[in-house]
Ligand code: KG4
Ligand code: ZN
């Protein structure tokens, strides 16, 4: 089955063609980062309009790359939530219309399920069951994946997501938007031990996160202290180390609690090299297998939506002819594989 995947939940237009036999045939992405940069963050209306402009040309580009035509598409999978509602509606309307025009099934895909399953696109992919650390701009959570479609949220953020904490701290330090990658780059040159940073919520049991206190601590440190380049880099390094340590401590607890053997890192913050290295080392020390998607499939992309959609479409699922998108849509509301058909 060849599935066209469409992702438009935020500021990236992503398209892919996934073949259930041959794997990923092609993918294409247009990032709106430069468009939103001058506003210091994503402007939802501009995001929606740009998805309208870019989506169809990207689909054509992707078909050309794969050496396929529209008639080769057996089904369409589109992100229907969670995300920015206007942006989601562009992918939803386009995905449904292509499905109708071609007379093939179309399926609404949960964006977080896409992130969660993205490591399965790799040759050396994890097998279920596993525990996933899902850290993106919109979410931070630990999820027990018992099977594809069977998810139990073990813990989640009580306030900011890890990505938001990176982005807001980067903004404070004057690093622009999007802040995560810029802050990580600056942190490479900093001394993480110069200032003391808290490891939030690690002194009590449980698997929830909270990053707003860490953000405030960083703000106070920056506003009250020196404003030279060395201090900026040292704060970036100390902040990153605190986030990474906190995530590592919670991952270790989740692995102990579930007795899982495999840990998967997914979502945009999963592109952070310090986080990947730290969890890789922890895996060696404690005997877990650690997997993550290639860097470009950590952040938003069409391939993860095509893949997640393909699993459900192959199980006989499809979405009825309705245009519905969801700003919020929790992973634990998802049905087990193959159980919807409306
Ligand atoms: O998964 P994603 O592309 O979008 C959402 O679904 O939210 O995640 C985007 C987030 C942003 O907050 C961005 O700053 C963060 O991932 N990010 C990083 C890195 N690359 C992206 N954070 C830390 N280090 C990175 N290298
Ligand atoms: Zn995402």
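The values are calculated or read from the model by the stated rules, or taken from the named source; none is laboratory data. These figures come from a predicted structure and were not determined experimentally. Quick reminder, even Gly has a Cβ in these numbers, built from the backbone with ideal geometry, and neighbours come from all protein chains shown.
Here are the numbers for this structure:
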{"quantity": "Failed criterion for residue 43 (all others in (1) surrounded by 18 or more Cβ atoms within 10 Å (Cβ to Cβ); (2) within 16 Å of ligand 1 (Cβ to nearest atom) hold)", "calculated": "(1)"}
{"quantity": "Residues being within 27 Å of residue 180 (Cα to Cα), without any contact (Cβ under 8 Å) to a residue 12 or more places away in the chain and away from ligand 1 (no atom under 16 Å from the Cβ) - total across the range 280-318", "calculated": "2"}
{"quantity": "Tally of residues being within 14 Å of ligand 2 (Cβ to nearest atom) and either free of Cβ contacts under 8 Å to residues at least 24 places away in the same chain or in the same structural domain as residue 30 (by TED's automatic domain parsing) (or both) across the range 120-140", "calculated": "0"}
{"quantity": "Test: residue in the range 262-274 that is without any contact (Cβ under 8 Å) to a residue 40 or more places away in the chain and within 24 Å of residue 119 (Cα to Cα)", "calculated": "no"}
{"quantity": "The listed residue being within 16 Å of ligand 1 (Cβ to nearest atom) and under 24 Å from residue 137 (Cα atoms), out of 167, 208, 234", "calculated": "167"}
{"quantity": "Qualifying positions in the range 254-275 - surrounded by 18 or more Cβ atoms within 10 Å (Cβ to Cβ), within 16 Å of ligand 1 (Cβ to nearest atom) and not in a loop (DSSP other than H, G, I, E, B)", "calculated": "264, 265, 266, 268, 269, 270, 271, 275"}
{"quantity": "Of all residues making up the range 119-139, the number that are assigned to a helix (DSSP H, G or I) and either more than 16 Å from residue 279 (Cβ to Cβ) or out of contact with any strand residue (DSSP E or B) (no Cβ under 7 Å at 6 or more places or on another chain) (or both)", "calculated": "2"}
{"quantity": "Some residue of the range 239-250 being more than 22 Å from residue 190 (Cα to Cα) and buried (at least 17 other Cβ atoms within 10 Å of the Cβ)", "calculated": "yes"}
{"quantity": "Residue count for the range 129-145, restricted to those that are more than 26 Å from residue 12 (Cα to Cα) and at pLDDT below 95", "calculated": "0"}
{"quantity": "Evaluation of residue 156 against (1) at pLDDT 95 or above; (2) in contact with a helix residue (DSSP H, G or I) (Cβ under 9 Å, 6 or more places away or on another chain) (one fails), failing number", "calculated": "(2)"}
{"quantity": "Qualifying residue in the range 24-36 (condition: within 24 Å of residue 316 (Cβ to Cβ), touching a residue at least 40 places away in the same chain (Cβ under 8 Å) and either within 15 Å of ligand 1 (Cβ to nearest atom) or part of a strand (DSSP E or B) (or both))", "calculated": "yes"}
{"quantity": "Candidates 287, 213 - the one that is farther than 28 Å from residue 51 by Cα, surrounded by fewer than 24 Cβ atoms within 10 Å (Cβ to Cβ) and modelled with pLDDT under 95", "calculated": "213"}
{"quantity": "Residue list for the range 141-160, restricted to those being buried (at least 24 other Cβ atoms within 10 Å of the Cβ) and either outside the structural domain of residue 257 (by TED's automatic domain parsing) or within 14 Å of ligand 1 (Cβ to nearest atom) (or both)", "calculated": "141"}
{"quantity": "Residue in the range 99-112 that is surrounded by fewer than 17 Cβ atoms within 10 Å (Cβ to Cβ), without any contact (Cβ under 8 Å) to a residue 12 or more places away in the chain and away from ligand 2 (no atom under 16 Å from the Cβ) present", "calculated": "yes"}
{"quantity": "Residue match in the range 258-265 (condition: outside the structural domain of residue 12 (by TED's automatic domain parsing), within 16 Å of ligand 2 (Cβ to nearest atom), modelled with pLDDT of 95 or more and within 28 Å of residue 31 (Cβ to Cβ))", "calculated": "yes"}
{"quantity": "Residue count for the range 300-342, restricted to those that are closer than 20 Å to residue 94 by Cβ and in a loop (DSSP other than H, G, I, E, B)", "calculated": "14"}
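Conditions (1) out of contact with any helix residue (DSSP H, G or I) (no Cβ under 6 Å at 6 or more places or on another chain); (2) within 15 Å of ligand 1 (Cβ to nearest atom), marked per residue:
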{"site": "162", "(1), (2)": "no, yes"}
{"site": "175", "(1), (2)": "no, yes"}
{"site": "182", "(1), (2)": "no, yes"}
{"site": "194", "(1), (2)": "no, no"}
{"site": "216", "(1), (2)": "yes, no"}
{"site": "223", "(1), (2)": "yes, no"}
